[in-house]
1. Return the only residue of 313, 334 being modelled with pLDDT of 90 or more, in a loop (DSSP other than H, G, I, E, B) and buried (at least 19 other Cβ atoms within 10 Å of the Cβ).
2. Could you check, for region 129-136, whether at least one of its residues is at pLDDT below 70 and part of a loop (DSSP other than H, G, I, E, B)?
3. Does any residue of region 264-282 turn out to be surrounded by fewer than 18 Cβ atoms within 10 Å (Cβ to Cβ), modelled with pLDDT under 90, touching a Ser or Thr at 6+ places or on another chain (Cβ under 7 Å) and not in a helix (DSSP H, G or I)?
4. Which is within 26 Å of residue 303 (Cβ to Cβ), touching a strand residue (DSSP E or B) at 6+ places or on another chain (Cβ under 8 Å) and assigned by TED's automatic domain parsing to the domain that holds residue 192, of 239, 258, 249?
5. For residue 355, are the conditions met, namely being under 23 Å from residue 112 (Cβ atoms), more than 17 Å from the chain's Cα centre (by Cα) and modelled with pLDDT of 85 or more?
Amino acid sequence: MSTLSVTDIPDVGHEGLLLLSECVDGQPVKRKKGPAPKMLGNEVCSVCGDKASGFHYNVLSCEGCKGFFRRSVIKSAQYSCKNNGRCEMDMYMRRKCQQCRLRKCREAGMLEQCVLSEEQIRRKKMKKQQEEETARTSTVVTPTPPQEAATLDPQQQEMIEKLVAMQKQCNKRSFLDRPKVTPWPQSQDPQNRDVRQQRFAHFTELAIMSVQEIVDFAKQLPGFLELTREDQIALLKTSTIEIMLLETSRRYNPAIESITFLKDFSYNKEDFAKAGLQFEFINPIFEFSKGMNDLHLDEAEYALLIAINIFSADRPNVQDHDLVERLQQPYVDALRSYIMIKRQNDHLMFPRMLMKLVSLRTLSSVHSEQVFALRLQDKKLPPLLSEIWDVNE
């Protein structure tokens with residue numbers, strides 16, 4: 001575990017994220033029934049750019065590309081391209097070149113194993129009908145032997161335990177750094193420039209601590225340090241704000257509609273606004289946090305979601321997409337298995353969780369607008385945050 005403190009981080013300058021991602025312990029390393037999951041309305045298909053309808057086969061996509069991928073997988077379709085596989089996919093070209101459309105589906109991350117065959121669908125439908133018929137006709141309840149509980153395989157169990165332990169260790173280090181955070185000012189004078197700046201500094205220092213947690217956590221994920229330095233940075237730069245929002249949501253207290261950092265720092269919407277954030281960004285944060293709170297996720301589910309988010313092969317500037325996808329897949333499989341065991345009667349929980357990752361993409365774009373607004377207010381971000389969020393001072 002790195003021993004960099006909060007006060008150390010701003011001094012690393014524009015190479016800060018690079019240095020953090022190359023170090024371990026401070027040392028350099030060698031190289032559908034029921035309501036659908038809520039969308040914000042402006043998501044686009046990862047394949048063709050049309051309006052997305054949801055998260056299909058592991059990818060945010062439209063109904064057209066969803067159906068096309070499903071048909072192609074079921075029929076084991078073989079297509080040809082008149083342009084030697086070099087077509088740029090968009091809403092027009094998707095109708096012209098099936099080979100490139102299928103290639104783009106796979107590059108975007110669509111998984112064939114997520115497609116149910118027609119026979120599987122038929123069997124699933126028949127099984128459900130039989131269960132409903134049995135429930136209607138059963139008049140006598142007879143004791144049945146207890147079924148053997150589903151279990152994770154040993155590798156998945158060990159993976160989840162390590163993830164949770166890693167997160168606790170990273171959080172513990174941040175808790176120890178708490179005294180170094182600029183205190184929240186007691187003055188309520190909205191015209192006092194020093195008070196406004198102190199509130200802003202308080203929040204940016206909390207953000208830096210969160211970034212440090214995320215980088216520490218990512219460095220310990222198996223396979224992360226196998227990636228090139230460039231891919232490590234590309235993944236961290238784009239996933240950091242989304243993981244920060246995930247971590248924020250798990251600290252949401254619905255009873256007082258506030259978010260608690262470091263156990264005893266609680267903030268409502270007005271506190272965020274006093275620090276210089278806009279309600280156009282604050283309100284979606286609280287709405288997302290409330291939605292996550294309603295899912296009642298445990299530590300393991302949060303840790304798995306964060307690992308899945310980090311290993312997202314469709315991030316800008318990622319070069320080795322195949323390796324990133326391979327590193328992500330065990331966490332996707334473990335989350336699916338874990339949910340099947342813990343929430344046996346909620347078959348929609350897994351897609352609901354994945355849809356939350358889609359919502360995070362939208363929140364991330366809103367965050368970019370917020371960062372731009374902060375620049376207009378002449379609020380200067382610390383170098384590490386500027387580098388991660390691509391702020392050109």
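The values are calculated or read from the model by the stated rules, or taken from the named source; none is laboratory data. What you see is a predicted model; the values in this text were computed from it and never measured. Cβ placement follows ideal geometry from the backbone for every residue including glycine, while neighbour counts extend to all protein chains displayed.
1. Details: 334 fails: in a loop (DSSP other than H, G, I, E, B).
Just one listed residue meets the conditions, 313.
2. no
3. Yes - at least one qualifying residue is present in region 264-282.
4. Numbers: 239 fails: touching a strand residue (DSSP E or B) at 6+ places or on another chain (Cβ under 8 Å); 249 fails: touching a strand residue (DSSP E or B) at 6+ places or on another chain (Cβ under 8 Å).
After applying the criteria, what remains is 258.
5. Details: under 23 Å from residue 112 (Cβ atoms): yes; more than 17 Å from the chain's Cα centre (by Cα): no; modelled with pLDDT of 85 or more: yes.
No; evaluated as a whole, the condition is false for this residue.
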